[in-house]
Amino acid sequence: MSEASAMNSIAIIADDEALGRVLLAESAAQLGLEPLAFDNGKAALDAALSQPVAIVLLDVDMPEMDGYTVCRQLRQEPRFATVPIVMVTGHEDSIAIGRAFEAGATDFVSKPVNWALLPRRLEYILRNAAAARALQAAAERIERLAYYDPLTGLPNRQRCIETAEQLFAHAAESRESVAVVYLDLNSFKRVNDTFGHPVGDAVLQIVAGKLTSLIERCRQTPAHISVARFGGDEFVILLQHAEARALAVGVAERCCAAFKEPIDYDGLEFYSAPSIGLAVYPDDGPDVPSVLKHADTAMYQAKMQAAASIAVYTPAMSSRLRDWLELEARLRHAVQEDRVHLQFQPKFRLRDTTLAGVEALLRWCDSEHGDVSPNRFVEIAEDSGLILDLGNWVVRAACRQLRQWLDRGWSVPVAINVSGKELLHGDPARVVEMEAAAAGVPTSLIEIEITESILVKDSTVVRTALERLRRLGCRIALDDFGTGYSSLAYLTRFPPDRIKIDKAFVHNVDRSAGDGAIASAILSLGESLGLVVTAEGVERQGQLEWLRARGCQEVQGFLLSRPLAAAELESRFLLSPAATQLAETK
């Protein structure tokens, strides 16, 4: 008959007069409601609180508890915020009516009651209540869309900022502190790139669940602690307490510990350790934007640290970040203006002590900063996305150098290092094909070096990119072999042409039984799979002799030659056949 009847719910009736209870019950029944009638306020209150209720009809004067008291206590319960409560009273004076509305009554009905019209009056009240509930639900939905992340259900960036502003204001009055813990998931983009956004979304939901559970376990100590999804794979935890800094460090450590365990989804395991930055109001800034910025700066610092995944903000970090951004801008201009250059590290065959090829190594000498470490500027390039432009430059420069050597009668294979980001987000095969064609050099002289960790990820995107490079005629070398800490199954799924024994195992190969055993195993593996094995980092004669005795095919390292400019490489190893002999380099 009405919205109320569709609810199949209950009408609570309280009247100390039997006839009144009967007539009120009949009126409720006409609306399809199930009437529950009581002769005192206390029983009516208990019944209303224990079950779903569509409407409450209360006499004012009753034993044990009057109607005003029942109404006030019901309104204290959140679920009764929109339930209509009607006072049925013989008091018609303005004071009685005022008391009814002050108690939270929706409407009142005067005695003697017009019983013929009462059902229509109640239907009208119920219809208005249903409309009010619909409006409230719409308002709540709008608020949720505005302030909550639809994927994880966590507060979003806007709600996080508004909450932080409230906490900062309260902390200023109470002389407490507010810690901002900024958490970013490392390498999460790889999940989306490899498995697609639906899987990435599922992983984010699991991450949000882990963080929520962790926050719940920490909620007993601080005055306030909450977590929000700030955007993408970034989350922010807010913590207000007199000892906010120390407590926040503990929370950050718990977060790191929680993500040491893999995230399981649909038979897959994902490891995505966080980088966490921490800043505190008022010590690290006077307002929300500055403290958030400093927490983000600390998080960025944590990403750059090899040993730690948590960083607490210090003013020096802002200075380092400015230096980082300034160096990034200078590197970008250097690439655009050809102010970077290549050096070439020779590789030698141990079989006949001749030059086997060279590895192209990018170098940058800045006018202000001097020689910048490759580790530093490559990290900057990868972080900023400049790595694609940098990789393109290296391929172009290597192909042009190959052309010059071919014109002089020297066919020298050149190995080029390609990063994971180039394979995932660039198109190295297209770049090699285009630059080799432009320089007029055979792609068979180009070898692509990738680190073992890239292949271990077993990404479809990576395998496809490598297959395209191999179809061009390029060879594939696996650098830093032995440091991937993973199954060797990837070697059968995509076997490279060459593996390079990491210098960490070569360093003490002639002095350490453990390193010798690892190197011997890699040499045996290479032989059984038909792969060329190159040992990196040869710096002592003892290392060289050990490798020669065990059949290692190629070596490179400072004992034989440091990286050289093209002209010096030519004069030492290309101008005469005798110069190519390894013996000449000792």
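Read the figures in this text as sums done on the coordinates, not as results from a lab. Every value quoted in this text rests on a predicted model; they were computed, and no experiment measured them. Positions of Cβ are generated from backbone atoms using ideal geometry, with glycine treated the same way; all protein chains shown enter the neighbour counts.
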Taking only C-alpha positions in region 3-146, Rg and Dmax in angstrom work out to 14.8, 51
Note on the chain, DSSP bridge orientation, antiparallel percent to nearest 5 equals 50
Amide H contacts under 5 Å for Glu359, restricted to residues at least 5 apart in sequence or on another chain and with H modeled in the peptide plane, are Gln345, Lys347, Ala415
Of the candidates Gly514, Gly370, Gly420, the farthest towards the positive dipole end of region 325-585 (Lys/Arg Cβ +1, Asp/Glu Cβ -1, centred on the Cα centre) is Gly514
About its Cα centre, the chain carries a charge dipole, from +1 on Lys and Arg Cβ atoms and -1 on Asp and Glu Cβ atoms, whose size in debye to the nearest 20 is 2080
The distance between the Cα centres of region 388-422 and region 22-76, in whole Å, is 86
Taking a label point 7 Å from the Cα of Ser520 along Cα-to-Cβ, the residues of region 534-568 whose backbone nitrogen sits under 20 Å from it are 534-536, 542-554
Between His425 and Glu173, Cβ-based FRET efficiency (R0 56 Å, step 0.05) works out to 0.70
Using alpha carbon centers only, region 520-565 is separated from region 304-347 by a whole-angstrom value of 32
Calculated from DSSP helices alone, with each H run of at least 4 adding -39500 (n - 2.57) and the total divided by the residues of the chain, [θ]222 nm to the nearest 500 comes to -15000 deg cm²/dmol
In the structure shown, of Lys210/Lys500; Lys347/Lys421; Lys189/Lys210; Lys293/Lys503, the pairs separated by more than 29 angstrom at the C-alpha atoms are Lys210/Lys500; Lys293/Lys503
Going residue by residue through region 502-515, the Karplus relation 6.51 cos²θ - 1.76 cosθ + 1.60 with θ = phi - 60° gives ³J(HN,Hα) values, rounded to whole Hz and with x marking Gly or Pro, of 4, 4, 4, 8, 7, 3, 10, 4, 8, 10, 10, 4, x, 5
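Is the C-alpha gyration tensor of region 6-50 telling us rounded, prolate or oblate? Criteria: a/c under 1.5 is rounded; beyond that, a/b larger than b/c is prolate, otherwise oblate. All intermediate terms of the calculation are to be shown ahead of the outcome.
Working: a/c = 4.19, a/b = 1.17, b/c = 3.57.
Since a/c reaches 1.5 but b/c is at least a/b, the shape of region 6-50 is classed as oblate.
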So for region 248-390, using the alpha carbon gyration tensor with a ≥ b ≥ c as root eigenvalues (a/c under 1.5 gives rounded; past that, a/b versus b/c decides prolate or oblate), I'd call it oblate
For region 205-218, Karplus-derived ³J(HN,Hα) couplings (6.51, -1.76, 1.60; θ = phi - 60°; whole Hz; x for glycine and proline) come out as 5, 5, 4, 4, x, 4, 5, 4, 4, 5, 5, 4, 6, 8
The FRET efficiency for Arg127 and Val461, from their Cβ-Cβ distance with R0 = 41 Å and rounded to 0.05, is 0.10
Distance in Å, no decimals, from the C-alpha centre of region 114-182 to the one of region 213-267 is 24
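Could you state, as a whole-number percent, how many of the C-alpha pairs of region 157-313 are farther apart than 28 Å?
Numbers: 2172 of 12246 pairs.
Everything past 28 Å amounts to 18 percent.
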Diffusion coefficient in µm²/s returned for the chain by Stokes-Einstein, Kirkwood Rh over C-alpha pairs, 10 °C and 1.306 mPa s, is 53
Whole-Hz Karplus couplings 3J(HN,Hα) for region 291-297, θ = phi - 60° and coefficients 6.51, -1.76, 1.60, Gly and Pro as x, run 5, 4, 4, 6, 5, 5, 4
Counting only DSSP beta bridges with both partners in region 157-313, the antiparallel fraction in percent, to the nearest 5, comes to 90
Over all pairs of different Cα atoms in region 308-394, the reciprocal of the mean inverse distance gives a Kirkwood radius in Å of 15.1
The computed P(r) of region 325-585 puts the percent of Cα pairs beyond 28 Å at 35
